[in-house]
Amino acid sequence: GLAGLGVLVSNTNIYLVRGGVQLSAAIAIPTGTYAHILLCKVSGTYYLFVDGAQKISTTVSNLTTSTLGLGYSADVFYSEYSGKVDEFTYLKGVGLYDADFTPSTEPYL
């Protein structure tokens with residue numbers, strides 16, 4: 001069956017996947033510095049942003065699970081990601097952005 005959404009991260013790229021199938025081309029992320037990565041859903045469309053710039057806009061239908069995978073490595077599919085996560089926020093029912101934005105430098109409270 002179909003599965004949930006996943007955000008896979010390698011050393012230099014990020015991918016959006018669903019049930020083990022890659023939904024996006026490799027999206028470059030900066031190396032040697034922090035990157036602000038945001039995935040949100042607005043009116044049925046998923047948006048992926050890197051440092052405030054929209055990189056993906058896609059509709060994903062028929063999800064059979066609400067699982068969202070984070071912190072995986074795309075180098076070895078579904079292995080642990082060895083990078084660092086500084087901050088993670090989950091907001092249910094709130095789609096923050098559907099266009100480019102300037103990420104805050106302050107923690108989200």
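The values are calculated or read from the model by the stated rules, or taken from the named source; none is laboratory data. The model shown is predicted, which means the values in this text are computed figures rather than measured ones. For neighbour counting, all protein chains shown are included, and Cβ atoms are generated from backbone atoms with ideal geometry for every residue, glycine included. To get the accessible areas, we keep the full protein, side chains included, count just its heavy atoms, and leave off ligands, DNA and RNA. Shrake-Rupley method; radii C 1.70, N 1.55, O 1.52, S 1.80 Å.
Test Ala25 against the criterion of being in contact with a strand residue (DSSP E or B) (Cβ under 7 Å, 6 or more places away or on another chain) and modelled with pLDDT of 75 or more, and give yes or no. Against the criterion (in contact with a strand residue (DSSP E or B) (Cβ under 7 Å, 6 or more places away or on another chain) and modelled with pLDDT of 75 or more), Ala25 does not qualify.
If you check Gly44, Gly95, Gly83, Gly52 for being more than 14 Å from the chain's Cα centre (by Cα), at pLDDT 70 or above and not hydroxyl-bearing (Ser, Thr, Tyr), only one passes: Gly44.
The residues of region 14-52 that are closer than 23 Å to Val94 by Cβ, polar (S, T, N, Q) and part of a strand (DSSP E or B) amount to a single one, Thr45. The set of residues in region 40-56 being open to solvent by less than 50 Å² (accessible area, probe 1.4 Å) and within 17 Å of Asp86 (Cα to Cα) consists of Phe49, Val50, Gly52.
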